[in-house]
Amino acid sequence: DLATALNNRGQIKYFRVEFAAAMEDYTAAIQCQPGFEVPYYNRGLVLYRLGCFDEAMKDFRKVLELNPQFEDAALSLKQAILDKEEKQKRGY
């Protein structure tokens with residue numbers, strides 16, 4: 001389906017380190033199928049890598065709302081929280 005295709009295209013762009021383009025595809029996949037948790041997770045990973053911890057945590061929480069068994073999202077959320085706290089401690 002279209003949402004899966006957009007998500008997969010986003011993955012290719014992510015692996016090419018084309019983060020902005022990947023996020024566009026993940027967002028398009030979400031708009032196409034809002035109940036599909038995978039593009040939220042993938043977009044969260046990009047946001048996390050860019051240091052946008054609040055936005056990443058929002059996406060990871062959405063994944064867990066849609067699929068509470070998504071263990072990688074739970075781990076990524078915990079890591080984003082820890083990294084945000086560390087960033088704040090260092091005064092960034």
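A few notes on this one:
- Helix-only mean residue ellipticity at 222 nm for the chain, each DSSP H run of n ≥ 4 adding -39500 (n - 2.57), per residue, nearest 500: -26500 deg cm²/dmol
- Choice from Leu66, Leu47, Leu82 showing the highest fluctuation, given a GNM over the chain with Cα pairs closer than 10 Å: Leu82
- Charge dipole of the chain about the Cα centre (unit charges at C-beta), most positive-ward option of Asn7, Phe70, Ala22: Ala22
- Accessible area expressed per residue, the chain, with surrounding protein chains retained (probe 1.4 Å, Å²): 61
- Quarter of Cα convex hull surface for the chain, i.e. mean projection, nm²: 5.6
- Angle in degrees between helix 37-49 and the longest Cα principal axis of the chain, rounded to the nearest 10: 40
- Each of Lys78, Lys62 has its accessible area taken with a 1.4 Å probe; listed largest first, they run Lys78, Lys62.
The values are calculated or read from the model by the stated rules, or taken from the named source; none is laboratory data. This structure is a prediction, so every number in the text was calculated from the model and none was measured. We place every Cβ from the backbone using ideal geometry, glycine too, and count neighbours over all the protein chains shown. We work out accessible area using only protein heavy atoms, side chains counted, and drop any ligands, DNA or RNA first. Shrake-Rupley method; radii C 1.70, N 1.55, O 1.52, S 1.80 Å.
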